[in-house]
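The values are calculated or read from the model by the stated rules, or taken from the named source; none is laboratory data. Treat the numbers as computed from the prediction; the structure is a model and nothing was measured. We place every Cβ from the backbone using ideal geometry, glycine too, and count neighbours over all the protein chains shown.
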Amino acid sequence: MAHLKAVQGSKAPATPPSRPLGLPGLAALALLLAGLGWLAGMVSLVQAALLLVGSGLGVVLYHAAFGFTSGWRRMIVERRGRGLRAQMLLLAVAVVLFFPPLASGTLFGHPVQGFVSPIGVSVVAGAFMFGLGMQLGGGCASGTLFTAGGGNARMVITLVFFIIGSVLATIHFDWWMSLPALAPVSLPETMGSANGIFLSLALFGVIALATLWLEKRRHGSVEASGGVLPSDRSRWLRGPWPLLLGALALALLNFATLALAGRPWGITSAFALWGAKGAAMIGFDPGSWAYWQDAGRAASLKEGIDHDVTSVMNIGIVLGAMVAASLAGRFAPNFRIPLRSVAAAVIGGLLLGYGARIAFGCNIGAYFSGIASGSLHGWVWMVFAFAGNMLGVRLRPFFFRAPYRPAVKGC
């Protein structure tokens, strides 16, 4: 699999020569080191460790080109399921790691809890919006961060409107929460750890087998998995990494997040926080909105973002991806973006932000971490987000003259 395209619409060499860390990479590394020092001294060692975990996520996401948008698109359009099967591996490893401590409520002597949310109209609508936004915006939540950090100028536009969409959703949040919903359901709590793992693995297996059947039916053969380890040592620095290695690494780093933060990896709550702080700076009063009446959210709105776990990890993802892109010699932003592509980024970003808030998370917080937490809402999110992707695939030709492929193949 070809690695990353640093410039939209251009072809990147399959195996670029290894380059020294350029100015963007040096700047990102300096910011990362400064951030570690600040957090360790002014906040806590745990917060500094979470910044480091975030940067590791950025490196893995970039080098493995691991996303969700392209994997789903290829399944919908081409009936190629390698990306979706990698996601099933990701989830399988995660549930095996997560369910025992979540069932007991502790990990390494510290309390932990998963992302378990209600199943209702807001999840169905929000997941569908998010899925549509994935195809128009060009990426998911994790993909938007690591591609923006990797130098993709178009994804910066998506990120800005992702934040705006998140803020808009917080204004309407109480209305969405008033709509019908079922109580949260946690598999580890209702079935026990072992039974929950068995059921989850069986479902992952069924999905993986279905992708194999559909792919073989369409093409007569199945794409090779690409192995688990890079083909030579130089690829550890410049990439690409095999997709399966990315899946394993992301599952382990999410487990590290659970151990350090007491809850799984999330992304989009920070976008709502950043947007609310920005709104406050220009005269709005987000503290009066129902979303921010929750005690925990109200506290995060008053504190600096260096105290917010999700914000710190998001910044780490961007910096880690920037370092990885510089080491690979691929950090080269291109600001010549067609107007229709800009329009798609704006619309997609708004849908991503709005959908994620009302659906209790994105492809990470609701899908990856939600299913890893044993929450049934994560499975509902997956179904309706996939449906949104199906519509998004059909709408893309209006915005892109040629068949659109995201700047990063995995996203």
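Would you confirm, using the coordinates I've provided, whether Ala324 is among the aliphatic types (A, V, I, L, M), over 12 Å from Gly58 (Cβ atoms) and surrounded by 23 or more Cβ atoms within 10 Å (Cβ to Cβ)? In short, no.
Kindly evaluate Ala169 against the criterion of being buried (at least 24 other Cβ atoms within 10 Å of the Cβ), assigned to a helix (DSSP H, G or I) and either at negative phi or at pLDDT 95 or above (or both). In short, yes. Taking region 271-286, which residues are under 14 Å from Leu168 (Cα atoms) and assigned to a helix (DSSP H, G or I)? Result: Phe271, Ala272, Leu273, Trp274, Gly275, Ala276, Lys277, Gly278, Ala279, Ala280, Pro286. Exactly one residue out of Arg85, Arg74, Arg79 is within 26 Å of Ala325 (Cβ to Cβ) and basic (Lys, Arg): that is Arg74.
Beta carbons closer than 7 Å, at least 6 apart along the sequence or on distinct chains, pair a first residue in region 52-64 that is among the aromatic types (Phe, Trp, Tyr) with a second that is buried (at least 24 other Cβ atoms within 10 Å of the Cβ) and in a helix (DSSP H, G or I) for Tyr62/Phe146; Tyr62/Ala321; Tyr62/Ala324; Tyr62/Ala325. Residues that are part of a loop (DSSP other than H, G, I, E, B) and farther than 27 Å from Ser186 by Cβ within region 68-116 comprise Glu78, Arg79, Arg80, Gly81, listed in sequence order. The set of residues from region 333-381 being free of Cβ contacts under 8 Å to residues at least 24 places away in the same chain and aliphatic (A, V, I, L, M) comprises just one member, Leu339. Would it be correct to say that Leu258 is modelled with pLDDT of 95 or more, part of a helix (DSSP H, G or I) and surrounded by 15 or more Cβ atoms within 10 Å (Cβ to Cβ)? Yes. Starting from residues that are in a helix (DSSP H, G or I) and in contact (Cβ under 8 Å) with a residue 60 or more places away in the chain, keep the ones in region 211-234 and report whichever is nearest to Leu91 (Cα to Cα). Taking the candidates together, the pick is Thr211. Beta carbons closer than 9 Å, at least 6 apart along the sequence or on distinct chains, never pair a first residue in region 240-255 that is touching a residue at least 60 places away in the same chain (Cβ under 8 Å) and β-branched (Val, Ile, Thr) with a second that is in a helix (DSSP H, G or I) and crowded, with 20+ Cβ neighbours inside 10 Å. Filtering region 278-293 for residues that are charged (D, E, K, R) and either buried (at least 23 other Cβ atoms within 10 Å of the Cβ) or under 26 Å from Ala28 (Cβ atoms) (or both) leaves an empty set.
Being under 23 Å from the mean Cα position of the chain (by Cα) and within 20 Å of Leu159 (Cβ to Cβ) holds for only one residue in Gly296, Gly266, and it is Gly266.
Scanning region 336-376 for residues that are more than 17 Å from the chain's Cα centre (by Cα) and buried (at least 24 other Cβ atoms within 10 Å of the Cβ) turns up Ala344, Gly374, Ser375. When we screen Trp236, Trp241 for residues that are aromatic (Phe, Trp, Tyr), surrounded by 21 or more Cβ atoms within 10 Å (Cβ to Cβ) and touching a His at 6+ places or on another chain (Cβ under 9 Å), the only hit is Trp241.
Applying a threshold of 8 Å to beta carbon distances and a minimum spacing of six or more residues, or different chains, the list of pairs starting in region 169-181 at a residue that is within 10 Å of Ala290 (Cβ to Cβ) and ending at one that is part of a loop (DSSP other than H, G, I, E, B) reads Thr170/Trp289; Ile171/Trp289; Phe173/Trp289.
If you go through region 104-128 and keep only what is within 22 Å of Asn314 (Cα to Cα), hydrophobic (A, V, I, L, M, F, W, C) and surrounded by 22 or more Cβ atoms within 10 Å (Cβ to Cβ), you end up with Phe115, Ala127.
For beta carbons closer than 7 Å, sequence separation of 6+ or different chains, a first residue in region 96-125 that is within 21 Å of Val383 (Cβ to Cβ) and a second that is in a loop (DSSP other than H, G, I, E, B) and among the aliphatic types (A, V, I, L, M), the qualifying pairs are Pro118/Ala183; Gly120/Leu179; Val121/Leu179; Ser122/Leu179; Ser122/Ala359; Val123/Ala359. Out of the residues in region 69-103 that are under 27 Å from His219 (Cα atoms) and of a type in the set (Val, Ile, Thr), which is surrounded by the most Cβ atoms within 10 Å (Cβ to Cβ)? Of everything passing the filter in region 69-103, Thr69 is surrounded by the most Cβ atoms within 10 Å (Cβ to Cβ).
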